[in-house]
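In what follows, a structure is listed as structure tokens, so that the remarks can point back to it.
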Amino acid sequence: AGDGTVVMPTRAEVDAFLTSEHWVDVFAVVRRAVAANDSLGLKNTGVLAGYAFSQGDMDGREAVDRFEATVAAAADGRGDEARDLRRILERYNADDCMATAAVRRWLRRGAPGIPGVEDVAVPERSDG
């Protein structure tokens, strides 16, 4: 909507996007284009691409733990605590979105020693 309202897509719209030519699995491109001695996960690749994570000390396991704590706090009527935990999780998730965009830009412009993404063959997806 043009008024700034966020409209969540339907499941069918998400599925249509994921199977369209517009969807690119950035991790698949990273695995084909980047050689590393460490993990090629987003937390490492994002840093290589120049992204600084605001929740740098939180990993996926801690995010799940915080989500469970958020649900418990809300269920127990601890609204302020639930709100604070939810904001941390929102920032963590936003970091992942922005880091993915940074990695995409990095690959598109030809990261140091890496060909531009147009030159990297992306493997066909297997939907099953």
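Points worth noting:
- Residues in segment 1-41 that are assigned to a helix (DSSP H, G or I), open to solvent by 50 Å² or more (accessible area, probe 1.4 Å) and within 25 Å of A111 (Cβ to Cβ): F27, R31, R32.
- Selection count, segment 35-55, where residues are within 12 Å of the chain's Cα centre (by Cα) and either of a type in the set (K, R) or over 20 Å from D25 (Cα atoms) (or both): 2
- Taken over segment 81-100, the residue count meeting the criterion of being surrounded by 15 or more Cβ atoms within 10 Å (Cβ to Cβ) and within 16 Å of E62 (Cα to Cα) is 8.
- Matching residues in segment 63-77 - criterion: being under 16 Å from the mean Cα position of the chain (by Cα) and not β-branched (V, I, T): A63
- Taken over segment 78-124, residues that are part of a loop (DSSP other than H, G, I, E, B), modelled with pLDDT under 85 and farther than 16 Å from T45 by Cα amount to 5.
- Among the residues making up segment 42-74, a single one is outside any helix (DSSP H, G or I) and in contact (Cβ under 8 Å) with a residue 60 or more places away in the chain: A49.
The values are calculated or read from the model by the stated rules, or taken from the named source; none is laboratory data. Nothing here was measured: the structure is a model prediction, and the numbers come from that model. Please note: Cβ atoms are built from the backbone with ideal geometry, for glycine as well, and neighbour counts cover all protein chains shown. Areas reflect the complete protein model, heavy atoms only, side chains present, ligands, DNA and RNA absent. Shrake-Rupley method; radii C 1.70, N 1.55, O 1.52, S 1.80 Å.
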